[in-house]
Amino acid sequence: QTCALPISSLFASGFNSIIDLAFGPEGDLFVLQYTDNFFSPQPSGSLVQVSADGLSRQVLTAGLTRPTALALDGLGRIYVTNNGDGTSGELLRLSREVPAPVPLLGGIAALARARRLRRRLAGLRRSL
């Protein structure tokens, strides 16, 4: 059996090549774009913060090189992989401090996020 969830409404639009999402503690959504212009010969990605109501957005970091993953740690710091699909991948910690994230579904969501981060870090280690 398949359980299909109906789309209730459009939350936000106008993004390019979304590759990862993460919620912040205030309900803001962080959107990582692999590239801002897919057809550019030297594509650069960005990290965008969308307000909890979806009505406003702010570019936090532009000029990323092929970012592939986004995570917030227990202290609310933001981490982004840069050049994540290349041979010289980097894990960047952004200087902007945000409060610690709140798990959406309690312990299950926190465990799933930790597993996802471990897999990403293992992939970075292999690429180095």
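The values are calculated or read from the model by the stated rules, or taken from the named source; none is laboratory data. Note that the structure is predicted; figures quoted are calculated from it, not measured. Only protein heavy atoms, including side chains, enter the accessible area calculation; ligands, DNA and RNA are left aside. Shrake-Rupley method; radii C 1.70, N 1.55, O 1.52, S 1.80 Å.
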Whole-number accessible area per residue in Å² for region 13-68, which is evaluated in the context of all protein chains at 1.4 Å: 53 Å²
Share of carbon and sulfur in the accessible heavy-atom surface of region 21-95 [1.4 Å probe, %]: 53 percent
